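Beneath this line is the structure, given in structure tokens, with notes to follow.
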Amino acid sequence: MTSIIRAMKAAVATAALALISIAGLATPAAAQSAVSVGVNAGISLAAIPGPAWGLNTAVWDNNLLDVAVPGLLSQAGVAALRYPGGSTADVYNWQSNSIVPGQQSYASPNNNFDAFMGLVKSLGATPIITVNYGSNAAGNGGGDPSYAASWVQYANIVKGYGVKYWESATKSTAMANMAPPGRRTCTRRMIRPLTARMSRNSPPR
């Protein structure tokens with residue numbers, strides 16, 4: 001963690017020097033109003049809280065369940081694990097641990113949800129689950145709120161995992177390419193019903 005903080009400080013110092021260099025290339029009129037910028041890399045303004053150190057995991061990672069992984073994550077200070085991935089989440093069928101039809105991706109046969117939760121428990125980490133916003137189980141339509149809600153029910157009612165943090169549409173290409181009115185419509189038709197159904201089976205934070 002110390003090395004990360006040092007790298008961040010070095011990056012800030014480098015950026016400041018770059019800004020000073022750019023200022024030196026300004027026109028004479030602009031140069032007259034130039035100011036002096038100083039950076040003290042030895043002073044820390046704030047510290048990132050421990051629970052914020054997390055890692056994105058992926059169902060396509062064949063090494064996710066390796067025996068050495070919990071120890072390595074613990075040494076790195078990882079306190080939260082995200083599953084089943086970023087854009088992969090929008091083509092992932094959690095019940096069958098597979099990629100929905102018509103999509104090009106991969107899910108390791110061993111990396112199902114219960115196996116992931118085993119890793120979470122062995123590490124003592126906080127799980128963050130990304131539900132499928134982009135496709136339904138058949139792969140012929142958008143995300144299904146009831147399908148997402150069934151995952152919450154399985155995790156917290158059937159298995160008693162007590163997963164508190166759920167997210168959706170983190171990397172939805174469709175959402176990213178939409179004009180604002182389309183995003184608002186998508187929010188009304190999908191995200192709001194999805195979060196409403198999911199929240200019924202989620203424990204309080």
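Only the coordinates and a few stated rules stand behind these numbers; no lab work does. As the structure is a prediction and not an experimental result, all values here were calculated from the model. Please note: Cβ atoms are built from the backbone with ideal geometry, for glycine as well, and neighbour counts cover all protein chains shown.
Brief remarks on what is shown
- Annotation for Asn140 and Ser74: the two label points, set 7 Å from Cα along the Cα-Cβ direction, are 4.9 nm apart.
- Where labels lie 7 Å past Cα in the beta-carbon direction, separation of Lys164 and Gln95 in nm: 2.9
- Largest-first ellipsoid semi-axes for region 80-120, taking √(5λ) over the Cα gyration tensor eigenvalues, angstrom: 18, 11, 7
- Cα centroid of region 132-166 to Cα centroid of region 46-98, whole Å: 18
- Diffusion constant of region 58-128 at 37 °C, which comes from Stokes-Einstein with the Kirkwood Cα-pair radius and 0.692 mPa s, µm²/s: 262
- Approximate spin-label separation Leu65-Ser108, in nm, with each point projected 7 Å along Cα-to-Cβ: 0.9
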